[in-house]
Each structure stands twice: as C-alpha cells, then as structure tokens.
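S.K.: My structure is below; once you've seen it, I'll send some questions.
The values are calculated or read from the model by the stated rules, or taken from the named source; none is laboratory data. Keep in mind it's a predicted model, so treat the numbers as computed, not measured. Each accessible area value is taken on the protein alone, full model and side chains, heavy atoms only, with ligands, DNA and RNA left out. Shrake-Rupley method; radii C 1.70, N 1.55, O 1.52, S 1.80 Å.
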Amino acid sequence: MSLLQSLLDPSTVLSSDSGNITHMDWKETSNSHVFEIDLPGLTKEDVKLEVHEGRVLHVSAERKDEEPPDLKVKETWHCRERASGSFSRRFRLPENAKVDEIKASMRDGVLVITVPKEDLKKKPKHKQVEISGDEEHVSKGLGRFVCCKA
C-alpha cells in the first residue's frame with residue numbers, strides 16, 4: 001500500500017478518541033516519516049507515545065483542569081474556551097517504518113515524531129534457500145515410510 005493510499009484509507013487512522021481538535025501533519029522525506037502534532041499547553045511529561053501490535057502508533061495525553069478555586073476568593077469566569085481532558089490518536093505506520101528506531105521530541109507544544117524508513121526495494125522479495133544435508137547418507141528409499149491401510 002502506498003503512503004497516499006494509507007493516508008486515504010479509513011483504517012489507517014484507527015481512532016481519535018478526543019472531542020478536542022488536535023492537528024497533525026505527516027510528511028515523508030527520503031529517509032523517514034515525520035509526524036508533527038500540535039499539543040499546545042502540554043509538556044513532554046503529559047504525553048505518552050507507544051507502538052502497539054508492531055505497527056500501530058498511539059499518541060495520548062491529558063490536559064488537567066485548573067485547580068478548584070479557593071472558596072475564600074470569589075472568581076467569575078467570563079470566558080473559558082481552553083479545553084481540558086484527554087487526547088488519544090492511533091494510526092497504522094507504513095510497511096517501510098523502522099519501528100525500533102522511532103525518535104520523538106517536543107518543543108513549544110509541538111510533538112515531532114520521526115520514524116526512519118527501510119528501503120523495501122533493496123530487500124529481495126524472493127530468496128533461494130540452499131538445502132543442506134548429510135551427503136554421505138545412503139537413502140533407504142521409500143521403505144522407511146510406513147503406510148497403514150485398514
């Protein structure tokens with residue numbers, strides 16, 4: 001499956017559990033796939049990055065609500081648009097992803113995940129396997145097989 005097909009395939013993005021809109025860019029370079037996910041207001045300690053089933057990348061995070069106001073101080077909210085809660089997104093990595101070499105960094109609320117890729121063209125699709133055996137061994141022919149007929 002090509003990268004374009006995998007992006008358009010609804011099974012590639014397995015889920016996005018959050019009602020919050022979190023934007024992601026996915027680009028392919030000559031040697032890697034690079035994912036950039038906007039997670040404003042979060043730190044790297046708030047984010048969890050895992051690989052499931054060998055090829056499913058799972059990004060999750062939680063933005064905690066502010067501490068409850070001190071009961072002694074009266075506060076009135078005039079506007080509250082910043083959402084709190086959890087974010088979760090899973091998507092299938094392409095066949096050429098080197099899952100064991102994934103690197104991630106976070107800066108200014110942007111999570112950057114770099115997944116190196118293998119050159120699948122260099123891997124042979126067919127490989128001849130040499131059969132080894134005891135060359136001094138004398139075959140006993142078909143007599144060594146027992147067949148039962150009732």
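S.K.: For H78, H58, H33, give the ranking by accessible area with the largest first, probe 1.4 Å. Display every interim value, and only then the final one.
M.R.: Numbers: H78 175, H58 25, H33 0 Å².
From most exposed to least exposed: H78, H58, H33.
S.K.: What number, in percent, do you get for the relative contact order of the range 34-97 if the mean sequence gap of Cα pairs under 8 Å and at least 6 apart is divided by its residue count? Write down the numbers at each step before the final one.
M.R.: Values: 61 pairs, mean separation 22.2, N = 64.
Once divided by the residue count of the range 34-97, the mean separation gives 35 percent.
S.K.: Filter K48/K74; K64/K98; K44/K98; K44/K74; K64/K117 down to the pairs with a C-alpha to C-alpha distance above 30 Å, please. Display every interim value, and only then the final one.
M.R.: Details: K48/K74 36 Å; K64/K98 33 Å; K44/K98 22 Å; K44/K74 33 Å; K64/K117 35 Å.
Correct reply: K48/K74; K64/K98; K44/K74; K64/K117.
S.K.: Express in Å², to the nearest 10, the accessible area of W26 obtained by rolling a 1.4 Å probe over the protein heavy atoms while all chains stay in place.
M.R.: Here the residue's solvent-accessible area equals roughly 40 Å².
S.K.: Whole angstrom only: what separates the Cα centroid of the range 32-47 from the Cα centroid of the range 50-120?
M.R.: Using only Cα atoms, the two centres lie 5 Å from each other.
S.K.: Something else about it: What ranking of K103, K27 comes out by heavy-atom accessible area, probe 1.4 Å, highest first? Before the final figure, lay out the partial values.
M.R.: On the way: K103 140, K27 110 Å².
Result of the area sort, largest leading: K103, K27.
S.K.: A further question on this structure: Tell me the relative contact order for the range 79-119 as a rounded percent, counting alpha carbon contacts under 8 Å between residues six or more apart. Intermediate values should be presented prior to the final figure.
M.R.: Working: 30 pairs, mean separation 14.1, N = 41.
34 percent.
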